[in-house]
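Each remark here refers to the structure printed beneath this line.
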Amino acid sequence: MEDFPQMSVLTHETRGRTGPLAWLLVLGIVLAALNLRTAVTSVGPLLDQLAQGLGMTSVGTGLLTTLPVLAFATVGAITPTLSRRVGEHRLLLLALVTLGTGLLLRALVDSAPVFLLSSAVALSGGAVGNVLIPTLIKRHFPARTGIMTTVYTTALAAGTMLAAAATVPIERASGDWHIALGVWAALAAVATLPWLALLRSDPARRRTAAEGGEAAPAGAPAGLRQLAHSRLAWTVAVYFGTQSMIAYIMFGWLPTILTDGGYTTGEAGVVLGVFTALNIPVSILVPVIASRFRDQRPVVIGLVAAYAAGFLGLWLAPASTAMAWVVLIALGMGSFPLALMMLGLRTRTAEATAALSAFGQSAGYLMAGAGPLAVGLLRELTGGWTLPYAMIFAVLAAQLVTGLYAGRRRFIEDERRERPDTEAATIPA
């Protein structure tokens, strides 16, 4: 599949060290991915206890639930610049240290403002990891993007579910929400170990040092401003944003949809748990399937079809068959690993991947953050679910259109040749 003129840094190591270094990178990516959502999903199950224990107002809890989107969008946007100056391996290590420090600080405090600030610190570390890991996959595993995206998204889904499922049992066993939140700092500390060992094999850092510490690598994208004029970059961003918006809507509103349809709170919780757990097998299967196609448009169509069937069934016949519809929607959630794959498949170099990852995720998360709020407003205005579902189907239509464009085999770097008269609108080849 991947015929790019690019070599991993591992090919520059001696033959005897290539295998161990490759496996160390895989371990580092897995451990980092396990941590990227713990700051988010460990809070939701304890939100009531946190609000009471910290004396947090409704404004504070609203800000706490909005922080992930804000952090992923803003900090993610500056990650490529930080990476060129610091080095990819070193920056990911610093991101994990930042994540762990924020998690630990917020577990030690009893002040709402400090809790919010330390949460923002932790989420900033996760935001850097969001952008860096697709870049590292592109750099070190250019011929195995599909397999490594499977590894990454599976670990990400597992970490997301682990923090959501284990935080409450830990809180009940210890009797203290501080401990339940603090344990995730230990997981971040473990994740730093492979990156400590990999510090000396950082190609970005070596290039930066050789160039005097300031210049970007040759052929690197000039920045988000140039990508803002790229049609491909925008379609990738909107595709990423629409799938994230659907995910935020489902995690935020699925229990309410079910209880409004006649389910008890306990039954709705079971369905939500199944929905969350299904993210793991879906994250395994979709990148493997998508990597077998020369372009990803057939997969885009299949995932949107699963979404549409699931939402239609949940809308029109939720009472007795909700689990079947939720399973279909969970299959549609495979658009998340597919969107992450596109960050690498639509670029030829790791530097372009870094820029597209930052642009796509920053713009995408900003779009996604409006989804749950819009659903809540439409439901409150109408007292029903007709307009919210209409909005969801409009989002799916946008996902299909942008996915069909972004799913075709094409590359960000080639847009310059396609549009020779618009130099500033594209990335240097």
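The values are calculated or read from the model by the stated rules, or taken from the named source; none is laboratory data. Because the structure is predicted, anything quoted here is derived from the model rather than measured. Every residue, glycine as well, gets a Cβ built from its backbone with ideal geometry; the counts of neighbours run over all protein chains shown. Only protein heavy atoms, including side chains, enter the accessible area calculation; ligands, DNA and RNA are left aside. Shrake-Rupley method; radii C 1.70, N 1.55, O 1.52, S 1.80 Å.
Remarks
- Segments 80-87, 147-154, 259-266 sorted - mean Cβ within 10 Å per residue, highest first: 147-154, 80-87, 259-266
- The residues of the chain expose, per residue, 40 Å² of accessible area to a 1.4 Å probe.
- Couplings for the stretch 114-129, taken from phi via the Karplus curve 6.51 cos²θ - 1.76 cosθ + 1.60 with θ = phi - 60°, read 5, 4, 5, 5, 5, 5, 4, 4, 4, 5, 5, x, x, 4, 4, x Hz in order; Gly and Pro are left as x.
- Using θ = phi - 60° in the Karplus curve 6.51 cos²θ - 1.76 cosθ + 1.60, the 3J(HN,Hα) couplings for the stretch 44-60 round to x, x, 10, 4, 5, 5, 5, 4, 6, x, 9, x, 7, 6, 5, 5, x Hz; x is entered for Gly and Pro.
- In order along the stretch 354-364, phi translates into HN-Hα couplings of 4, 5, 5, 4, 5, 5, x, 6, 5, 5, x Hz, rounded to whole numbers, per the Karplus curve 6.51 cos²θ - 1.76 cosθ + 1.60 with θ = phi - 60° and x for Gly and Pro.
- Compared with the dominant principal axis of the Cα atoms in the chain, helix 231-260 is inclined by about 20°.
- Built amide H within the under 5 Å cut-off of Arg348, gap 5+: Ile412, Glu413
- Taking the accessible area of the chain, probe 1.4 Å, and keeping the other protein chains in place, the carbon and sulfur fraction comes to 67%.
- Rounded to the nearest 10 degrees, the angle from helix 177-197 to the longest Cα principal axis of the chain is 10 degrees.
- Label-reachable residues, the stretch 267-300, where backbone N falls under 19 Å from a point 7 Å from Ala51's Cα toward its Cβ: 269
- Extension gain, Arg409 back to Phe393 (0.36 nm per residue minus Cα-Cα distance, nm): 3.1 nm
- Helix 297-316 and the long axis of the chain differ in direction by around 10°, with both axes built from C-alpha atoms.
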